[in-house]
Amino acid sequence: MIGVDTSVRDFTIRLVMENGDSADKSIEFSGPADITHEATDAIVNAANSSLLGGGGVDGAIHRAGGPAILAECRQIVSKISILPAGKAVITTGGRLAAKHVIHTVGPVYYGGDKGEAEKLASCHRESIWLADEQGLRSISFPAISTGAFGYPVAHAAAIAVSSTVGALAGASQVKKVRFVLFDAATLREYERAAETFLRSNPAPPFRIEKASS
């Protein structure tokens with residue numbers, strides 16, 4: 001369990017997509033919150049390449065979900081050795097409210113000129129595509145790579161929002177994506193990224209909604 005106050009609104013803001021095949025899809029932003037409490041069909045784990053657990057969100061998910069998650073991760077590792085940055089795999093959710101965990105490896109930030117942005121975008125696209133292949137309807141993300149991997153939060157948020165919009169628009173099963181952010185400062189950056197993305201699209205196929213206070 002991540003020690004944060006979870007007595008918050010279901011979302012602070014959300015983008016509601018309402019055009020063609022994207023109708024009724026939404027991207028929500030919530031926090032400060034504990035992703036291990038999420039009841040979406042899947043939560044995303046910001047994993048390391050070994051898939052054997054670690055600190056931060058990774059460790060919290062393994063602790064809350066129990067040994068079944070690690071057991072499935074070991075089976076995957078026995079076949080693929082390591083999970084490269086930008087890729088994703090799926091396991092049980094164990095004892096979590098979410099039935100599945102999608103493990104993805106974010107890039108370590110080296111200044112931005114070593115392909116980090118594309119790898120981070122791929123984390124979000126691959127996770128949504130994998131959820132879609134599994135017939136899942138909802139998925140929750142943390143702020144991938146913004147902790148120990150050092151990605152600047154504002155830059156990571158912009159990439160997360162734009163890549164998620166594109167992947168969700170093309171999904172046939174996934175209808176709801178949630179960003180569940182650990183602290184208020186991170187939440188503000190993701191909200192700001194969503195609002196900036198909206199302003200940068202003169203005829204966007206979605207609207208922004210703010211939760212009532």
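The values are calculated or read from the model by the stated rules, or taken from the named source; none is laboratory data. Remember, predicted model here, so these are calculated numbers, not experimental data. A quick note on method: Cβ atoms are made from the backbone with ideal geometry, for glycine too, and the neighbour counts reach across all protein chains shown.
Summary of values
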read-out	value
Complete set of residues in the range 82-97 that are in contact with a Gly (Cβ under 7 Å, 6 or more places away or on another chain) and over 17 Å from A121 (Cβ atoms)	G93, G94, R95, L96
Of residues in the range 101-131 being charged (D, E, K, R) and either in contact with a strand residue (DSSP E or B) (Cβ under 8 Å, 6 or more places away or on another chain) or within 14 Å of Y151 (Cβ to Cβ) (or both), the one surrounded by the fewest Cβ atoms within 10 Å (Cβ to Cβ)	D113
Among (1) more than 27 Å from K99 (Cβ to Cβ); (2) polar (S, T, N, Q); (3) surrounded by fewer than 14 Cβ atoms within 10 Å (Cβ to Cβ) - the single one S172 does not satisfy	(1)
Selection status of A194, of a type in the set (A, V, I, L, M, F, W, C), in a helix (DSSP H, G or I), modelled with pLDDT of 95 or more and touching a His at 6+ places or on another chain (Cβ under 7 Å)	no
Members of the range 61-100 that are surrounded by fewer than 18 Cβ atoms within 10 Å (Cβ to Cβ) and in a loop (DSSP other than H, G, I, E, B)	G66, S81, I82, P84, R95, A97, K99
So E191, is it surrounded by 14 or more Cβ atoms within 10 Å (Cβ to Cβ), under 19 Å from E28 (Cα atoms), out of contact with any Lys or Arg (no Cβ under 6 Å at 6 or more places or on another chain) and among the acidic types (D, E)	yes
Yes/no for F206 being surrounded by 22 or more Cβ atoms within 10 Å (Cβ to Cβ), over 17 Å from I144 (Cα atoms), in contact with a strand residue (DSSP E or B) (Cβ under 6 Å, 6 or more places away or on another chain) and among the hydrophobic types (A, V, I, L, M, F, W, C)	yes
Residue among S212, S145, S163 that is surrounded by 15 or more Cβ atoms within 10 Å (Cβ to Cβ), among the small types (G, A, S) and outside any helix (DSSP H, G or I)	S145
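Residue-wise test of (1) modelled with pLDDT of 95 or more; (2) part of a strand (DSSP E or B); (3) more than 22 Å from A171 (Cα to Cα).
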residue	(1), (2), (3)
M1	no, no, yes
V4	no, no, yes
V8	no, no, yes
F29	yes, yes, no
T36	yes, no, yes
A39	yes, no, no
I43	yes, yes, no
A46	yes, yes, no
S50	yes, no, yes
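This table checks each residue for (1) within 15 Å of the chain's Cα centre (by Cα); (2) small (G, A, S); (3) at negative phi.
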| position | (1), (2), (3) |
| --- | --- |
| A71 | no, yes, yes |
| V77 | no, no, yes |
| I82 | no, no, yes |
| H100 | yes, no, yes |
| T104 | yes, no, yes |
| Y110 | no, no, yes |
| W129 | yes, no, yes |
